[in-house]
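Chemist: If you scroll down you'll find the structure; I have some questions about it.
The values are calculated or read from the model by the stated rules, or taken from the named source; none is laboratory data. Just so we're clear, the structure is a prediction, and the values are computed from it rather than from any experiment. Positions of Cβ are generated from backbone atoms using ideal geometry, with glycine treated the same way; all protein chains shown enter the neighbour counts. Accessible surface is based on the protein model in full, side chains and every heavy atom, while ligands, DNA and RNA are left aside. Shrake-Rupley method; radii C 1.70, N 1.55, O 1.52, S 1.80 Å.
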Amino acid sequence: MTKTATDRVTNDLGLLARPRRLRGTTGIRDLVREHRLAPERLVYPLFICEGTGVRREVSSMPGVYQLSVDEAVRETADARNDGVQSVLLFGLPADKDGTGSTASAPEAPVQRAIRAIRRDQPDVTVITDVCLCEYTDHGHCGILDGEQILNDVTVEHLVSAAVSHADAGAHIVAPSDMMDGRIGAIRQGLDANGHQDVVIMSYAAKYCSAFYGPFRDAADSAPAFGDRRTHQMDPANVEEALREVALDLEEGADIVMVKPALPYLDVIERVKREFQYPTAAYQVSGEYAMVKAASRLGWLDEERVVMESLTAIGRAGADIIITYFARDVARRLRGER
Ligand code: PBG
């Protein structure tokens, strides 16, 4: 029998299917909700600078600050009160040079912040970003020969940085540089220095994204020339992301990350489905800035857009979500806002 536009889809008893039944009340919607955000899945990034009492707002990221170590400790305590349990540290050293040598200095801002946060907030998980771009005077993620980034030399420096973070007490190191072979080298370096238990969260599928723009203001890490296309991934590729993830897992990554998050939900979904490893997604600075800008103009409801975006990232398969909105969301999830 052919259907006409007015025919209704019915079951064998002639009854109309009514999916709206499960959307009728808040209580019923709550019962059948498939995905939930939880504060313990959120990671809160912090930018650590020199000095004391410094709290400098990043112009393109309202509500995000460059913080001296003392202020970072306070911010972590406040975040902990909101329900956030993990922080991700980035360093803003006073001195930069061609090789990013302060990346592994025991008294550099990140290393000091790790020790201070561990002391003040013993139950907070401290994660560190491992890369050279915040430490080099040319803003590139590695050691240069002319305009070429030298892979294997760079990896040696990354190993030193990761080991120095672990020496300072980092629970998790997160290499974000996208050099080849760095995960295996860092795993060996950590193990050789007694850090068998330090976790590696690899920025495994990190795309060469325009969405990192505001971060480079925050971290003062814009490349002096050129771009990051010779190491970060082409946004058009997904099979390649799976190969990158496979390599990092073979080399010893414990957690793999996809970055950015919202424009790459398909990548998150495939990584989670194919590898079934703990998977993180980074809602990056540009994703944050867009929501802030539109909500300031009154064009979007910030709170709802944030909850919807993060729920989508979780639904796609991310177990862990790194977000500058972590404090707001944790508070919201606890029903305080
Ligand atoms: C360092 C690094 C970057 C980000 C995280 N780690 C910048 C970059 O690769 O250029 C971006 C984070 C963000 O945009 O929020 N390599």
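Chemist: So, counting K/R as plus one and D/E as minus one, what does the shell of residues with Cβ under 10 Å around CYS208 add up to?
Modeler: +1
Chemist: Report the local net charge at HIS138: Lys and Arg +1, Asp and Glu -1, summed over other residues whose C-beta lies under 11 Å from its C-beta.
Modeler: -2
Chemist: Which of these, PRO62, PRO223, PRO45, has the largest mean-square fluctuation under a Gaussian network model of the chain (Cα springs below 10 Å)?
Modeler: PRO62
Chemist: How many percent of DSSP beta bridges within the chain run antiparallel, rounded to 5?
Modeler: 20
Chemist: For every helix of n ≥ 4 consecutive DSSP H residues, a contribution of -39,500 (n - 2.57) applies; sum these over the chain, divide by its total residues, and give [θ] at 222 nm rounded to the nearest 500 deg cm²/dmol.
Modeler: That calculation yields -11500 deg cm²/dmol at 222 nm.
Chemist: In whole Å, what three semi-axes, largest first, describe the equivalent ellipsoid of region 212-337 built from its Cα gyration tensor (square root of 5 times each eigenvalue)?
Modeler: Each semi-axis is the square root of five times an eigenvalue, giving 26, 20, 12 Å.
Chemist: Here's a follow-up. Please check: in the Gaussian network model of the chain (C-alpha springs, under 10 Å), which one of ARG273, ARG327, ARG41 has the largest mean-square fluctuation.
Modeler: Top of the fluctuation ranking is ARG273.
Chemist: On to the next question. Who wins for biggest fluctuation among ARG304, ARG270, ARG21 in a Gaussian network model of the chain, springs between alpha carbons below 10 Å?
Modeler: ARG21
Chemist: Shifting gears a bit: Leaving out ligands and nucleic acids, and using a 1.4 Å probe, what accessible area per residue does the chain come to in Å²?
Modeler: Spelled out: the 1.4 Å probe surface of the chain, per residue, equals 47 Å².
Chemist: Quick check: net charge around LEU67, other residues with Cβ under 10 Å of its Cβ, Lys/Arg +1 and Asp/Glu -1?
Modeler: Residues near LEU67 contribute 0 overall.
Chemist: Over region 160-238, what percent of the accessible surface lies on carbon and sulfur atoms, probe 1.4 Å?
Modeler: 47
Chemist: Longest exposed-loop-site-free stretch of the chain, with chymotrypsin sites (Phe, Trp or Tyr not before Pro), DSSP loop and at most 15 other Cβ within 10 Å?
Modeler: 1-224
Chemist: Taking the chain, how many lysine pairs are there with alpha carbons less than 25 Å apart, if each pair must be eight or more places apart or span two chains?
Modeler: Step by step, the pairs that qualify in the chain add up to 6.
Chemist: Using Cα pairs under 8 angstrom and six or more residues apart, how large is the relative contact order of the chain, in percent?
Modeler: Averaging sequence separation for qualifying contacts and normalising by length gives 17 percent for the chain.
Chemist: Follow-up. Name the shape class, rounded, prolate or oblate, that the alpha-carbon gyration tensor gives for region 36-333, where a ≥ b ≥ c are the square roots of its eigenvalues, rounded holds for a/c under 1.5, and otherwise prolate holds if a/b is larger than b/c and oblate otherwise.
Modeler: Because its axes are fairly even, with a/c under 1.5, region 36-333 counts as rounded.
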